[in-house]
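Read through the structure below, which is laid out as structure tokens, and then see the notes.
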Amino acid sequence: MTASGRRLPRALHPAAWWLWAIGMATAVSRTTNPLLLALVLAVLGLVVTERRTEAPWARGFRYYLGMALAVVAIRVVFRCVFASGITPADHIMFRLPHIPTPSWYAGIQLGGPVSLEATLSAATDGLRLACLLCCIGAANTLANPKRALRVLPGALYELGVAVTVSLSVAPQLVESVQRVNRARRLRRAPATGMRALRSVVIPVLEDALERSLHLAAAMDSRGYGRAGTATRASRRTTAALMLAGMLGLCTGMYGLLDGTTPRALGLPALAAGSLLCCAGLALGGRRVRRTSYRPDPWRLPEWTVALGGCAAAVLLFWTAGYDAGDLDPSLYPLRWPSLPLLPAGAILLAGAAAFAAPPPPVRAGASAAAPPAPQPAPAPAPPTAHEAAL
């Protein structure tokens, strides 16, 4: 903070934003309550609006919202066309023309009656998937994907580069679409129609291909994928430790989720897998030597944002203090869903990231003061007697 108490703008640690978004996505996966899902969307929109930067990828959240609306619409349309599970107690809204299906196509009906309960069920399922998509979109909007690569261990450097490249595809496509649309507006090109779509898609694909070629050349010039000083035995030992550790983690998670398995497959297997993975990371990180210029700090705002998202996930998994049935309200009988106070408070607590995170940095051109107003030119001096005579 400054001497006057104002918070200095800085970029939040990218891992904090990803932990927050993963916690929100975990909470979303636990419920189909439309009120809670709408609250999650409101919290995501608030945090993205208040704490996004001026980077090109930070303006892509509206595209994720468009994809989310498309997911909900497609889910509802498919449920109406492939009508199934209609009960006599359903409220029929309309009927579509029925298309007979062969005997081997049993269990799926094309057309027929469309009920209100089936439509609402499809809409809530689509809304949950849309919220998951928006959580990932919020993380891509708020976190710098290139700076997230610097916090990975040395053994995961190659994997981290691949993941970072894959995560930056969507922001780069958004940036390309915005640049092409800006150029089309300057040329007064038609805004709608198939010709407009073709004039946007072709330059975007060409730009993506050019970016991939430049990325490949840059990675090759920087020695990406080199073995370094590691011997063949060291690489094999690292791979064996990581493989055994991942196997132990999968076995431990299965043992924790399935109560019928022996206790040795639960927490002990999870702990053993974690130790093996840590040993593999430590051994593999010795062969990767890299430095980090001005590493991102991890301070109180990072802890607050990350713990807020994790608290929302924990409170929705730990069904204590509220009725677990409120997370998945039934449509039979058809009634308005109730809003559980504790999960709603957990989601609102995660929304505190909009105020706990420091304000994002502003570009120098945007933060610079306005240029001074032009001063009027001084009045010309009166001519001398010699000049008047001439």
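The values are calculated or read from the model by the stated rules, or taken from the named source; none is laboratory data. Just so it is clear, the structure is predicted and the values come from calculations on it, not from any experiment. Methodologically, a virtual Cβ is constructed for each residue, glycine included, from the backbone with ideal geometry; neighbour enumeration extends over all protein chains shown.
Odds and ends about this structure:
- Flag: D90 matches the condition of being assigned to a loop (DSSP other than H, G, I, E, B) and at pLDDT 75 or above.
- Flag if E175 is of a type in the set (D, E), under 19 Å from the mean Cα position of the chain (by Cα) and either in a helix (DSSP H, G or I) or modelled with pLDDT under 70 (or both): yes
- Annotation: F82 fulfils all but one of (1) more than 30 Å from P361 (Cβ to Cβ); (2) surrounded by fewer than 12 Cβ atoms within 10 Å (Cβ to Cβ); (3) of a type outside the set (V, I, T); the unmet one is (2).
- Subset of the range 83-101 (residues that are of a type in the set (A, V, I, L, M, F, W, C) and closer than 26 Å to R335 by Cβ): A83, I86, A89, I92, M93, F94
- Selection status of C250, under 28 Å from the mean Cα position of the chain (by Cα), surrounded by 16 or more Cβ atoms within 10 Å (Cβ to Cβ), at pLDDT 75 or above and among the hydrophobic types (A, V, I, L, M, F, W, C): no
- Of the criteria (1) over 30 Å from A282 (Cβ atoms); (2) of a type outside the set (F, W, Y); (3) touching a Lys or Arg at 6+ places or on another chain (Cβ under 9 Å); (4) modelled with pLDDT under 80, which one S84 fails: (3)
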